[in-house]
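I have placed the structure first, in the form of structure tokens, so that the comments after it can refer back to it.
None of the figures in this text is laboratory data; all of them are computed from the coordinates on show. Not measured: the values here are computed from a predicted model. Every residue, glycine as well, gets a Cβ built from its backbone with ideal geometry; the counts of neighbours run over all protein chains shown.
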Amino acid sequence: MLGELVRRVSGRDLATFSRDEVFAPLGMTETGFLPPDSRRGRAAPTEFADGHWLQGEVHDPRARALGGVSGHAGVFSTAADLSLFAQALLGHGSSFLSPRMRDAYLAPNDIPRGVRALGWDVRSAYSTNRGTALSPRAFGHGGYTGTSLWIDPEKDLFVVVLSNRVHPNGHGEINPLAGAIADLAASAVGIDERRTAPSCETRTSVRTGLEVLIREKFTRLAGAHVGLITNAAGRTRDGARDVDLFASADNVKLEAIFAPEHGLETDQDAVIKEGRDAKTGLPVYSLYGDHFTPTDAELAGIDTLVFNLPDVGARFFTYASTMHRALAAAAKRGIRFVVLDRPNPIDGIHVEGPVLSGTHSFVNHAALPVRHGMTIGELALLLNADDHLGVNLEVVRMAGWSRESRWSDTGLPWLPPSPNLRDADEALLYPGVALLEASNVSVGRGTDKPFEVLGAPWIDRAKLAESLTRASLPGVRFESTTFTPTSSRFHGEACNGVKLTITDPNTMAPVTVGIAIAVALHQLYPSKWDSKKLTPLLEAPDALNVIERGGSVAQVLATWSASLSRFATEREKYFLYPRCVATKNVE
């Protein structure tokens, strides 16, 4: 169908059009449909068909029925010509595409069985000829007769395999060998420690995407005019501020700074105003004020947006939503988008909660569960593909991070991403306890233990603590307590409730804890607790119905188990990091 569209739009048949517009401009003199007699003898014979051995004739019977020229088969080429084609798509030399069209052409799109681009495989059920060592940005295609071409912009690498698996009887197998060749080629350009599984005993040497970029001396951003989306948590291990590092880089021009919720210094719980950075004098544009998306005026003169904000692993923490909107703005304007990846502080394995299926908002911005188990860079890949944005997206991967790593495993200092997430324990409690803060309880904002305490003036603290203790939830202890918030809900009022202490972060499931609190509150205070206010963050009507009918925690969790399981599998298409490898014998 695409071949016929080309003919109708251009007035030329597909063979002529591709020769004139693609092959000839790239100097591909031995590539095209219907090779002449002078080249047919050099073509590999495939199978016996129509009374003779096919040589220099398309193998696909449908393409043969169409005269050897069709949109899905029939092109003959050589390794030398294909190298010219691959180099063009890597950005070397001439190209047959504008930069904007190239980005759209190669952008990943989510499909039921993987990820594809327009005409290209990226990662799907058909990617066995890809191997395992190419980067997530690699794209390629395999041919039925035993050919494959994979192109990896991140490694500046292409791999051409031209074999003849169908001769003589059509039963040959090449994909595993082609994948092994791709792995050898990838390893030949150097071992990428960012993709090497770290030892489980030495994970404290994690380097963030920012630190990897610094080690590379900003080479991948050479010549870029940058808009930096960041805040005070966007620092190196030794405390150097990313704004200053970008401003002083010789080969990068920092044009503007963009601040999310909580502001550039992560110290505000209000609308963020625009201003200027005191040290560099650069404009600081707010993405949490009059607008939540960079405007045309703010992006003037910027060709690259760099995102360097941490995430805390929860769907409703707004930095990922800010990234989502910035990705859409970059797609609209053809701006490159680079994510400097950072650890998910509550690990990259566990998923919990309902997958958003209702109306999206700034808080609930994508079809994610409450706890998604992905890094901010992996989320960017997912959002770009799910929304078919077509962004020229690059993730600067961390070095040394593995999926099961918690914050204490990284060796990195905790830099609060917001005023009320002061340590890693509060970040782990946040996806569960924060679910309840839209209701008429305090979650500890305005105290020195936000998300570690929960209560209200009308709660009997002993009864709530006893009820939650009877639930026997792993990894957490509940104790009765009284606290008085100095701000936020119930400020100046004594609140009775519970203090949550994490006893084992590996088994504590925060969303389950949040649901257990909701179930207990409804059972103890059906007329006082406003259960309807769970909706803004939980966004799960079936689960709310179970709670309001007096159901158990297990019955609530069962309402989303199927969709959560599907998400847990689907997200693996965007994983950038492996699990760690144990190096010590365990008795």
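The order of Cys495, Cys580, going from fewest to most other C-beta atoms within 10 Å of their C-beta, is Cys580, Cys495. Gain on full extension, evaluated as 0.36 nm per residue between Leu524 and Leu118 minus their Cα-Cα distance, stands at 140.6 nm.
For Thr230, Thr507, what's the fewest-to-most ordering of other Cβ within 10 Å of each Cβ? Walk me through the numbers on the way to the answer.
Details: Thr230 24, Thr507 11.
The most exposed by this proxy come first: Thr507, Thr230.
With pairing defined as another cysteine C-beta under 4.7 Å, the cysteines of the chain that fail it are Cys495.
Here Thr29 and Gln555 are evaluated by their C-beta separation; at R0 = 60 Å the FRET efficiency comes out at 0.30.
When the charge dipole of the chain is built from unit charges on Cβ atoms (+1 for Lys and Arg, -1 for Asp and Glu) and taken about the Cα centre, the candidate among Val115, Pro416, Ser321 whose Cα reaches farthest toward its positive end is Val115. Close amide H pairs (under 5 Å, H built 1.01 Å from N) link Ser124 with Val115, residues at least 5 positions away or on another chain.
One entry in [x] 54, 33, 21; [y] 38, 33, 25; [z] 51, 27, 22 is semi-axes √(5λ) of the Cα gyration tensor in Å calculated from the shown coordinates; its label is [z]. Extension gain, Thr503 to Gln55: 0.36 nm times the residue separation minus the Cα-Cα distance gives 154.3 nm.
Overall, region 204-415 carries a charge dipole of about 340 debye about its Cα centre when +1 sits on the Cβ of Lys and Arg and -1 on the Cβ of Asp and Glu, all other atoms neutral. Given their separation in residues at 0.36 nm each and the Cα-Cα distance between them, Arg422 and Val189 gain 79.7 nm when the chain is fully extended. Taking the chain as the region of interest, the number of lysine pairs whose Cα atoms are within less than 17 Å, with members eight or more places apart or on different chains, is 6. Using the Cβ-Cβ distance between Lys532 and Arg470 with R0 set to 22 Å, the FRET efficiency works out to roughly 0.30.
Mind checking which of Pro536, Val556, Ser18 is farthest towards the positive end of the chain's charge dipole, using Cβ charges of +1 (Lys, Arg) and -1 (Asp, Glu) about the Cα centre? Among Pro536, Val556, Ser18, the one farthest towards the positive end of the dipole of the chain is Ser18.
Fewest-first ordering of Glu274, Glu211 by other beta carbons within 10 Å of each residue's beta carbon gives Glu274, Glu211.
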